[in-house]
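Structure, as C-alpha cells:
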Amino acid sequence: MTGPAPQSDERRASAFRPKSLAGQLMLWITVITTCLWLVAVGFGALVMQDEFGEIFDSALQETAERLVPLVVDDLNRRDDLNVPRRIERSPAQPGEEYLTYQVRDRAGRVLLHSHTASAEPFDVPLKVGFRDGARGRVYTAATADGAIFVQVEDSAEERREAMVEGALALLLPVLLIVPATVLAVWFVVRRVLLPVETLRAAIGEKDGGNLAAIAAENLPRELQPILRSVNLLLARLRAVLAAEREFTANSAHELRTPVAGALAQTQLLMAELKDAPTHARARQIEASLQKLTKLTEKLLQLARAEAGIGVSETTFDLVDVLGVVVTDFQRASGTASRIRFRSDLAGPALREGTADAFAIVLRNLVENALLHGRTDEPVEIRLTETGNVCIRNGAAAMSEAELAAVRKRFSRGRTLAAGSGLGLSIADRLLAQMRASLVLTSPVAGRVDGFQADIVFPAAR
C-alpha cells in the first residue's frame with residue numbers, strides 16, 4: 001500500500017523544482033518560432049495552390065484553343081467521321097502525358113481522342129469553359145459554328161502531386177532554418193544572461209563563511225540595484241556579527257571571573273576545613289564549580305560559534321594553530337602520554353577563517369577523543385598531505401544513526417564519561433563558517449571499532 005509514495009514524492013519535488021530562466025526563454029522562443037514558420041508555410045501553400053490552379057487552367061485553355069483549328073483541318077480531310085480516331089503517340093517522345101483531349105461533335109460523339117484518353121466521352125457537358133470531372137479538370141473549346149468541341153483534361157492527381165511537392169519545397173527549409181534559429185537564439189540568450197549567471201554564482205557563494213561584498217564588474221544597468229541591495233545586506237550582516245562577537249567576548253570575560261573567584265574561595269575553604277567534618281561537602285562544592293566552569297566554557301564557545309567567530313575575510317596558518325594546540329595537550333600531565341601527532345604536510349597551509357575559531361575546533365575534538373576514547377589507546381592526530389586534519393581514538397563502533405545524533409547539542413551517545421555533549425556541535429558549527437566540513441567515521445578503516453573525526457577543507461581554487 002505504501003509502494004507509490006516515493007514516486008509521488010519525486011513528482012512533487014520535480015513540480016516545485018525551480019525552472020531555469022534561460023531554459024524557459026529557449027523553450028518559448030523555439031515554440032513560437034516553429035509555430036510562426038508553420039503558419040507561414042501554411043499561408044504559402046494556400047497562395048501556391050491558387051497560383052498553381054491559375055497556371056494549370058491557363059495551360060488547359062491555351063491547349064484547347066490551339067487544338068481547335070488543327071482538329072477542324074484534320075476532320076475536313078477525313079471521309080468517315082463515324083469511327084472515332086485515336087491519335088497515336090510518337091515513339092521518339094517517351095514520358096508521361098499530363099493532358100488528354102477528345103474531339104466531339106454537336107451530338108456528343110467522340111470523333112478524335114489522344115492515345116491515353118478513353119473513347120468514352122468525358123463526363124462534362126458540351127459547353128465552353130471549365131468544368132470539374134470525375135478524373136480531373138476539363139476545359140471545353142468550340143468552333144465558331146458550334147459544330148465541333150475540343151475538350152482537354154488534366155489529371156486531378158497531377159495537380160495534387162504538384163501541390164504536395166510545392167508544399168514540401170516550402171517545408172524542407174524550415175527543418176534547417178528552425179534548428180539554426182534555435183542555436184542562434186541559444187547563443188544570444190547565453191551571452192545576454194551571462195551577467196545574471198555571474199551574479200547568481202556570486203550570491204550563491206555567500207554563506208556563513210563568506211560575507212565579502214560582491215564586486216560590480218560589467219553588470220548591466222538592470223542588475224545594479226540588485227547588486228547594491230545584496231552588498232548592503234552583507235554589510236549589515238557583517239556589522240551584526242561583529243557586534244555579537246564583541247558582546248560574546250565581553251560576556252565570556254564577565255562570566256569567567258565570578259566562577260573562578262568562587263572556585264578559589266572554595267579551595268581556600270577546603271584548606272581551612274582540612275580536618276573538619278564539612279571538608280567532604282566543600283570538596284563536592286569544588287567539583288560542582290569545576291563542572292560549572294567547564295559547562296560555562298562550552299556555553300561561551302557555543303555562543304561565540306553562534307555569533308559567527310569563524311566568519312572572516314582573513315586567513316590563518318593551519319600548521320601553526322595545530323602545533324600550539326597539540327603542544328598544550330602534550331604538556332598536560334594527564335594527557336601527555338596518549339597524544340600521538342604526525343604531520344605529512346611540508347610547509348604552511350593557509351585557510352580562510354580565524355585562528356581562534358580553529359583552535360576551539362581542535363580543542364573540542366581532541367578533548368572529545370581523550371574523554372570518550374579508551375584510556376589504554378592513544379589519540380592519533382595527523383595532518384595529511386592535502387592539508388586536512390584527522391583525529392582518531394579507540395572506541396566502540398557506532399552506527400550511522402548514532403554518528404548523526406552526536407552532532408546535536410547535548411547529545412553524548414553511549415558513554416559514561418563526564419561531558420556536556422556540546423563539543424562536536426560547536427566544532428561542526430565553526431567549521432561550517434570556515435567553509436570546511438566535519439566528517440565522522442566509525443568504525444575506522446582497517447578496524448572493527450574506533451572513532452575518527454576528519455576536518456576537510458575545500459580544495460584550493
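Residue-by-condition table, conditions (1) touching a Lys or Arg at 6+ places or on another chain (Cβ under 8 Å); (2) assigned to a helix (DSSP H, G or I); (3) at pLDDT 80 or above:
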| position | (1), (2), (3) |
| --- | --- |
| L234 | yes, yes, yes |
| V240 | no, yes, no |
| E244 | no, yes, no |
| F247 | no, yes, no |
| L263 | no, yes, no |
| M270 | yes, yes, no |
| D275 | no, no, no |
| K291 | no, yes, no |
| T296 | yes, yes, no |
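Can you name the residue in segment 432-461 that is among the small types (G, A, S) and in a loop (DSSP other than H, G, I, E, B) and, of all such residues, is nearest to E400 (Cα to Cα)?
Here the residue is S442.
Given (1) modelled with pLDDT under 80; (2) outside any loop (DSSP other than H, G, I, E, B); (3) of a type in the set (A, V, I, L, M, F, W, C), where does A134 come up short, assuming only one miss?
A134 satisfies every listed condition except (2).
Are any residues in segment 422-438 farther than 15 Å from R363 by Cα and either surrounded by 19 or more Cβ atoms within 10 Å (Cβ to Cβ) or at pLDDT 90 or above (or both), and if so, which ones?
Listed by number, the residues that qualify are Q433, M434, A436.
Among the numbered criteria (1) closer than 30 Å to D454 by Cα; (2) out of contact with any Gly (no Cβ under 8 Å at 6 or more places or on another chain), which single criterion is violated by L289?
(1)
Could you grab me the full set of residues in segment 24-52 that are surrounded by 14 or more Cβ atoms within 10 Å (Cβ to Cβ) and either within 30 Å of Q151 (Cα to Cα) or touching a Cys at 6+ places or on another chain (Cβ under 8 Å) (or both)?
A45, M48, Q49, F52
Is it fair to say R407 is of a type in the set (K, R) and touching a residue at least 60 places away in the same chain (Cβ under 8 Å)?
So R407 does not fit the description; no.
Out of G394, G353, G419, G413, report the one residue that is open to solvent by less than 40 Å² (accessible area, probe 1.4 Å) and at pLDDT below 85.
None of the other options fit; the residue is G353.
Select from segment 300-342 the residues that are among the acidic types (D, E) and outside any loop (DSSP other than H, G, I, E, B) and list them in ascending order.
Those that are among the acidic types (D, E) and outside any loop (DSSP other than H, G, I, E, B): E306, D317, D320, D328.
Given the structure, is A162 among the hydrophobic types (A, V, I, L, M, F, W, C) and either assigned to a loop (DSSP other than H, G, I, E, B) or on the phi > 0 side of the Ramachandran plot (or both)?
It is false that A162 is among the hydrophobic types (A, V, I, L, M, F, W, C) and either assigned to a loop (DSSP other than H, G, I, E, B) or on the phi > 0 side of the Ramachandran plot (or both).
Of all residues in segment 335-362, which are among the charged types (D, E, K, R) and touching a helix residue (DSSP H, G or I) at 6+ places or on another chain (Cβ under 6 Å)?
Within segment 335-362, just R351 meets the criteria.
In segment 281-315, what count of residues is obtained for those that are open to solvent by 30 Å² or more (accessible area, probe 1.4 Å) and closer than 16 Å to L424 by Cα?
Number satisfying all stated conditions: 8.
Per-residue answers, yes or no, for (1) exposed (fewer than 12 other Cβ atoms within 10 Å of the Cβ); (2) out of contact with any helix residue (DSSP H, G or I) (no Cβ under 8 Å at 6 or more places or on another chain):
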| residue | (1), (2) |
| --- | --- |
| G108 | yes, yes |
| S114 | no, yes |
| F130 | no, no |
| R160 | yes, yes |
| G166 | no, no |
| V182 | no, no |
| G204 | yes, yes |
| I214 | no, no |
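I need every pair where a residue in segment 256-273 that is among the acidic types (D, E) and surrounded by 14 or more Cβ atoms within 10 Å (Cβ to Cβ) has its Cβ under 7 Å from the Cβ of a residue that is modelled with pLDDT of 80 or more and not in a helix (DSSP H, G or I), sequence separation at least 6 or different chains.
none
Being surrounded by fewer than 17 Cβ atoms within 10 Å (Cβ to Cβ) and acidic (D, E), is that true of even one residue in segment 336-350?
Yes: one or more hits.
Each row is one residue, and each column tells you yes or no for (1) under 30 Å from N393 (Cα atoms); (2) of a type in the set (V, I, T).
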site	(1), (2)
A260	no, no
T266	no, yes
L269	no, no
L300	yes, no
R331	yes, no
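Taking segment 352-387, which residues are within 20 Å of D328 (Cβ to Cβ) and part of a strand (DSSP E or B)?
Residues satisfying the conditions are V379, E380, I381, R382, L383.
The values are calculated or read from the model by the stated rules, or taken from the named source; none is laboratory data. Just so we're clear, the structure is a prediction, and the values are computed from it rather than from any experiment. For neighbour counting, all protein chains shown are included, and Cβ atoms are generated from backbone atoms with ideal geometry for every residue, glycine included. Calculation scope for accessible area: heavy atoms of the full protein, side chains included, ligands and nucleic acids excluded. Shrake-Rupley method; radii C 1.70, N 1.55, O 1.52, S 1.80 Å.
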